[in-house]
Amino acid sequence: MDEPVRRGGRPRRSSAEVLADAAAELFLEQGYGRTTVDQIAARAGVSRATFFNYFTAKSDVLWLDLDAAVASLPALLEQSAETSGVRAVEEALLAAARAHDPDRVPWAIAQAEVMGIGPELVASVATRVMAQHAAVAAFVASRTGERPTALWPQTVSGAMLGAAAAAFGVWVADGVGRRPLVEYVGAALTPVASGLDAH
């Protein structure tokens, strides 16, 4: 897959980002349901086959950044030197927020009503959220010797990811005056992590 090429100190958009941006434009113009994969590929200047090199379904284009966060989370968790499982999760989520490109606002959240996003999109994001939840719960369980489905790993995962998701939603809603994402995530996670860590 294509790698971003730097120009003027800023990374150029990857092919996946070009496709995602083309899709967002079309969804805003004519709605999600009336937009086809062929139209997205044509707007991006690539073939239909190229689209499927990067995405398995039309709905996937809206979750490019969320998919990247899901993919990076296990490694970020394992890299943490924190002895507290809760603090390790906090550190990993802050690192993911810090790495997020501030120019990439998820249009599926910011303009959901305009795009006419329906049940298919809700289901696709739910799958991704569950993947994040499973990764965090498995990590916490590995620190405590419990099963990932036990109450404590599930509680830590649900509380920490819930706080991070709330921060992300506020960040999106704040519009052009928004501060860096990591500031929102940090403010949301601090009281939650402190409470859990005192357990």
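The values are calculated or read from the model by the stated rules, or taken from the named source; none is laboratory data. Quick caveat: nothing in here was measured; it's all calculated off a predicted structure. In this analysis, Cβ positions are derived from the backbone assuming ideal geometry, glycine residues included, and neighbour counts consider all displayed protein chains. Accessible surface areas use protein heavy atoms only, side chains included; no ligands, DNA or RNA. Shrake-Rupley method; radii C 1.70, N 1.55, O 1.52, S 1.80 Å.
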Any idea which residue in the stretch 103-123 is modelled with the highest pLDDT, counting only those that are within 27 Å of residue 156 (Cα to Cα) and open to solvent by 30 Å² or more (accessible area, probe 1.4 Å)? 123
Counting only residues that are open to solvent by 40 Å² or more (accessible area, probe 1.4 Å) and either over 22 Å from residue 125 (Cα atoms) or not hydroxyl-bearing (Ser, Thr, Tyr) (or both), the stretch 51-63 contains a total of 2
I need the full set of residues from the stretch 128-170 which are among the polar types (S, T, N, Q) and outside any helix (DSSP H, G or I), in order please. 149
I'm told residue 84 meets every condition in (1) under 20 Å from the mean Cα position of the chain (by Cα); (2) among the small types (Gly, Ala, Ser); (3) open to solvent by less than 60 Å² (accessible area, probe 1.4 Å) except one. Can you identify the failing condition by its number? (1)
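Could you list, in sequence order, the residues of the stretch 31-50 that are over 24 Å from residue 100 (Cβ atoms) and open to solvent by less than 50 Å² (accessible area, probe 1.4 Å)?
Filtering the stretch 31-50 for residues over 24 Å from residue 100 (Cβ atoms) gives 31, 33-39, 41-43, 45-50.
Passing the criteria: 31, 35, 37, 41, 50.
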Does residue 151 satisfy the condition of being over 30 Å from residue 21 (Cβ atoms) and surrounded by 14 or more Cβ atoms within 10 Å (Cβ to Cβ)? no
Filter the stretch 124-148 for residues that are β-branched (Val, Ile, Thr) and over 22 Å from residue 186 (Cα atoms); which is most open to solvent (accessible area, probe 1.4 Å)? 127
Go through the stretch 10-57 and give me each residue that's without any contact (Cβ under 8 Å) to a residue 24 or more places away in the chain and of a type in the set (A, V, I, L, M). 22, 26, 37, 40, 41, 42, 49
Exception for residue 95 within (1) closer than 30 Å to residue 31 by Cα; (2) part of a helix (DSSP H, G or I) falls at (1)
